[in-house]
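Laboratory data are not the source of any read-out in this text; all were calculated from the coordinates shown. Because the structure is predicted, anything quoted here is derived from the model rather than measured. Cβ placement follows ideal geometry from the backbone for every residue including glycine, while neighbour counts extend to all protein chains displayed.
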Amino acid sequence: MTHLPVLSSDAVLRALKRAGFDYAPRRSRGRQVALCRVDESGHPLLVILPKKSVLPVGTLIAVLQQANLHRERFLLLVGEAATVS
């Protein structure tokens, strides 16, 4: 099993945007960002991402579950975002 790196919420946000998520402005409040997208089967996915400089691993795992993303796919998206930035 691959280990998840320590990331900021900005890095996770960039990776989720590369995965097709977009802002859900009516859902975002205060120190959190709401992102949404429709998956392949037509079901809407809503991800709530807290704004932190260091995102705890448990929170990152919960975000990946909400986004219906596997760790390997997420790590590829994080790597792509790092090479573009």
Query - Distribution of pairwise C-alpha distances over the chain, 10 Å bins, in % - result: 18, 55, 26, 1
Query raised in the report: Whose amide H sits under 5 Å from the amide H of Lys51, counting only residues 5 or more places off or on another chain, with H placed in the peptide plane?
Result: Gln32, Val33
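If we count every other residue with Cβ under 12 angstrom of Glu80's Cβ, Lys/Arg +1 and Asp/Glu -1, where does the sum land?
Numbers: positive: Arg14, Lys17, Arg18, Arg73; negative: none.
Surrounding charge for Glu80 is +4.
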Requested in this report: Using θ = phi - 60° and the Karplus relation 6.51 cos²θ - 1.76 cosθ + 1.60, list the HN-Hα couplings for the range 21-27 in order, rounded to whole Hz, with x at every Gly or Pro.
Outcome: 7, 9, 5, 10, x, 6, 9
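Any chance you could run the full-extension gain for Glu72 through Arg29? It's 0.36 nm times the residue separation minus the Cα-Cα distance, nm to one decimal. Before the final figure, lay out each step's value.
Numbers: separation 43, 0.36 × 43 = 15.48 nm, distance 2.96 nm.
In short, 12.5 nm is gained.
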Query raised in the report: So what is the relative contact order for the chain, in percent, with contacts set as C-alpha pairs under 8 Å and at least six apart?
Result: 35
